[in-house]
Amino acid sequence: MFVSTIRLLLLGLVVALSLSGTGAGASPGPEGMGRGASCVGLDPPSDGVITAPFAPGPSYSGHWGVDYMLDSDGSVEAAAAGKVTFAGSVVGNLVVTVDHGGGLKTSYSYLERSLVTRGQHVKRGVVLGRASDDSPHRGLHFSVRIGGTYIDPETVLGCQPSSPSAGLRLVPVES
């Protein structure tokens with residue numbers, strides 16, 4: 001039991017560090033953040049507003065991410081630093097997936113154009129591609145997975161006050 005708890009805490013710390021953007025090339029937090037605050041959450045992939053919330057259903061029915069109405073240029077940005085593990089078509093829709101480490105992955109769907117390739121390392125905020133409100137899907141679908149489990153992206157978006165547990169997120173570990 002004790003070993004499982006330690007593994008769970010370490011996984012949470014890995015995810016927190018990958019989200020915080022620490023290390024070479026990390027971008028600073030948003031302007032206006034007070035002293036003692038840091039970005040330990042994901043950045044929104046678009047400046048647009050969320051038009052459809054996370055609403056999962058049984059057996060993968062429902063909506064397993066959030067949809068954004070896009071700003072004027074349709075830019076879709078990486079929510080955090082990571083490695084592109086997929087950039088291609090899924091059922092006729094262009095998708096980019098980024099692995100942020102620690103079991104955390106984000107996917108950006110209904111792109112009009114991808115600007116990254118599989119295997120490419122990206123920094124937080126880099127433009128991954130472009131989407132369009134003129135497409136049949138009208139905007140961007142953004143999903144977040146931890147260890148293969150989809151979570152509500154809105155629960156991990158934004159900056160948090162920095163404290164020893166600011167970026168710690170407990171997630172289940174496979175036995």
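Laboratory data are not the source of any read-out in this text; all were calculated from the coordinates shown. Being a predicted model, the structure only gives us computed values, none of them experimental. Reconstructed Cβ throughout: ideal geometry from the backbone, glycine too, with neighbour counts over all protein chains shown.
Before moving on, here are some points about what is shown:
- 3J(HN,Hα) along segment 116-122: 10, 10, 4, x, 6, 8, 10 Hz, from the Karplus curve 6.51 cos²θ - 1.76 cosθ + 1.60 with θ = phi - 60°, whole Hz, x for Gly and Pro.
- Using the Karplus relation 6.51 cos²θ - 1.76 cosθ + 1.60 with θ = phi - 60°, the per-residue 3J(HN,Hα) values for segment 98-110 come to 10, 9, 9, x, x, x, 8, 9, 10, 10, 10, 10, 6 Hz, with x marking Gly and Pro.
- Among 76-84, 109-117, the peptide with the highest mean count of other Cβ atoms within 10 Å heads the list, and the full ranking is 76-84, 109-117.
- T51 long-range amide H proximity, modeled H, under 5 Å: D67, Y68, M69
- A Förster radius of 22 Å, combined with the Cβ-Cβ distance separating Y60 from D99, puts the computed FRET efficiency at roughly 0.60.
- Charged-residue dipole, Cβ positions (Lys, Arg, Asp, Glu), segment 42-103 about Cα centre, Debye nearest 20: 300 debye
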